[in-house]
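A.B. asks: Got a structure here, written out as structure tokens. Questions coming.
The values are calculated or read from the model by the stated rules, or taken from the named source; none is laboratory data. On a predicted model such as this, the values are computed, not experimentally measured, just so you know. Positions of Cβ are generated from backbone atoms using ideal geometry, with glycine treated the same way; all protein chains shown enter the neighbour counts.
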Amino acid sequence: MGSVNDDRLRDGVGMILINNDNKVFVGKRNSVNTKMMSWFLKRPWQMPQGGIEAGENPLEAVMRELREEVGTDNVEMLGETDDWLRYIVPTGLRRKDSKFIGQRQKWFLLKFLGENSDINLNATNHKEFDVWRWMSVGNVIRLAVHFKRSLYVEAFRRFSWYFGNISPRNKEQQNDNQINE
């Protein structure tokens, strides 16, 4: 991606949350909460992410976002990226009331230590996701919104010591109907 001034990118965090089967937590964006309403987005699946609030460090933001979006912070931290990954929101999908054109994010690899019943999408009044699933890495990449796919590939690559080599074409042959909820 081209060079962008960091002042046009909101500071944030992203999380790869895995379970005991090495599946990745993803949620489908809440249709009421989605600012990027467009027929072709169809409420994409995404990994938890969020902005860093004033006075927070990235780890504090990750734990807050987990509590807000997933309803629990019962996790073990396995890793953190050394640098920031970036994505740009396409012009027609940007919020009109924001100066930001994308995010620069610190990414974390986290192991979920709880039970599926611990996950509570209604933990706050600001519900991010309508539904959630555990998915294979390949399906996470395949079902992500188009402008975040390369970001997701890069996030998985940063944790290649855990996941192995990841490429956009490294898609597991798995039918969505077989994905656990």
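A.B. asks: Can you tell me which residue within the range 22-42, out of those that are under 29 Å from Glu115 (Cβ atoms) and modelled with pLDDT under 70, is surrounded by the fewest Cβ atoms within 10 Å (Cβ to Cβ)?
C.D. replies: Val32
A.B. asks: When only residues in the range 87-146 that are assigned to a helix (DSSP H, G or I) and in contact with a Ser or Thr (Cβ under 7 Å, 6 or more places away or on another chain) count, which is surrounded by the fewest Cβ atoms within 10 Å (Cβ to Cβ)?
C.D. replies: Top of the filtered list is Asp118.
A.B. asks: If you don't mind, there's one more thing I want to ask. Six or more apart or on different chains, Cβ atoms under 8 Å: show the pairs whose first residue is in the range 5-18 and surrounded by fewer than 17 Cβ atoms within 10 Å (Cβ to Cβ) and whose second is of a type in the set (Phe, Trp, Tyr).
C.D. replies: Arg8/Phe100
A.B. asks: Continuing with this model, one more query. Yes or no: the range 154-166 includes at least one residue that is at pLDDT 95 or above, closer than 20 Å to Val13 by Cα and under 12 Å from the mean Cα position of the chain (by Cα).
C.D. replies: Yes, that holds for at least one residue.
A.B. asks: On to the next question. What number of residues in the range 100-151 are touching a helix residue (DSSP H, G or I) at 6+ places or on another chain (Cβ under 6 Å) and acidic (Asp, Glu)?
C.D. replies: Residues in the range 100-151 being touching a helix residue (DSSP H, G or I) at 6+ places or on another chain (Cβ under 6 Å) and acidic (Asp, Glu): 1 in total.
A.B. asks: Hey, can you tell me all the residues within the range 74-94 that are among the acidic types (Asp, Glu) and within 16 Å of the chain's Cα centre (by Cα)?
C.D. replies: Scanning the range 74-94 gives a single hit, Glu80.
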